[in-house]
Amino acid sequence: MITIPRTEEENKRVREAQRISILEAAKNIFARKGWSTTITDIASAASVSPGLIYHYFANKEAIFCELLGQTIQSDLDIFQQLMQSGDTAAQRLEMLISSMLKFRQDQIKQFGITVQAAKETSSSGNELEIMRRIFKNLKNNDSKAKDLQELMMKRVQTVHEIVLQLIVEGQKNGEFASDPPPKLALMIFQSIQGLTTLALDKPEEYEQHYPYTDIIMRMLYS
């Protein structure tokens, strides 16, 4: 029997499928075992050899960074699509807040390491503080970790800019109270940080009362 070798395009598809499979397996293992996860654990879950994983990723830190980076980038894409929609400022802000809360749920549910890292000291619920604790577990010279830090900072900056923009737009249209936009934005972010603390410390209670978007939005109306 003559075996026809795969084309370069087919090889590329196979490699990408293997890479995705490894990431999906790693996501489940990190959620279950936290930072004690090993490359061997991930290889076993993905039904591949540890050597194959090293073909795609330098270490488990690189895998974690890739997973969290995908989540953050997906959020950024959603934010941009949101701003281009034809909805009112109030509708877009409500969807944005829901997305922000969902992002935290995804972090906690998909990445057990997030909870583990955030609880190393008493959690404040501050997104940047949580991420700093996570980065403590990453190697300082890891370029993937540095890229993730930059992406995270971009997400934080983007969210702040969009929230302020929507508040100003909503005030012009008579949708929101006339309080200073920075003050209203601060109330929104403080509420979300407080809910993040609750989700980290008492996830059952957080889930019991979820969602919270409508309550947060009420602070904006006159």
Rounded to the nearest 10 Å², the accessible area of K12 using a 1.4 Å probe with every protein chain kept is 120 Å²
Using Cα pairs closer than 8 Å and at least 6 residues apart in sequence, work out the relative contact order for the range 1-96, in percent.
20 percent
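Can you order the peptides 173-184, 53-64 by their average number of other Cβ atoms within 10 Å per residue, highest first? Each step should come with its number before you reach the end.
Numbers: 173-184: 13.9, 53-64: 18.4.
Per-residue mean Cβ counts within 10 Å order the peptides as 53-64, 173-184.
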Using 1/(1 + (r/R0)^6) with R0 = 41 angstrom and r between the beta carbons of V156 and S44, what's the FRET efficiency to the nearest 0.05?
0.70
Estimated inter-spin distance, D147 and E8, nm [label 7 Å along Cα→Cβ]:
2.2 nm
Pop out the ³J(HN,Hα) list for the range 15-30 in order, Karplus 6.51 cos²θ - 1.76 cosθ + 1.60 with θ = phi - 60°, rounded to Hz; leave Gly and Pro as x.
4, 5, 5, 5, 4, 4, 4, 5, 5, 5, 5, 5, 4, 5, 5, 4
With 23 Å as the limit, write out which pairs from K60/K144; K27/K102; K12/K102; K102/K202; K146/K202 have Cα-Cα distances beyond it, or answer none.
K12/K102; K146/K202
S222 accessible area, nearest 10 Å², 1.4 Å probe?
130 Å²
How much of D77 can a 1.4 Å solvent probe reach, expressed as accessible area in Å² and rounded to 10?
70 Å²
Rounded to a whole %, the carbon-and-sulfur portion of the accessible area of the range 1-105 at a 1.4 Å probe is 52 percent
Enumerate the amide H contacts of F176 below 5 Å, restricted to partners 5 or more residues apart or on another chain; note that Pro and chain-start residues carry no placed amide H.
Q171
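The values are calculated or read from the model by the stated rules, or taken from the named source; none is laboratory data. Just so it is clear, the structure is predicted and the values come from calculations on it, not from any experiment. Counting neighbours? That spans all protein chains shown, and the Cβs are built from the backbone with ideal geometry, glycine included. Accessible surface areas use protein heavy atoms only, side chains included; no ligands, DNA or RNA. Shrake-Rupley method; radii C 1.70, N 1.55, O 1.52, S 1.80 Å.
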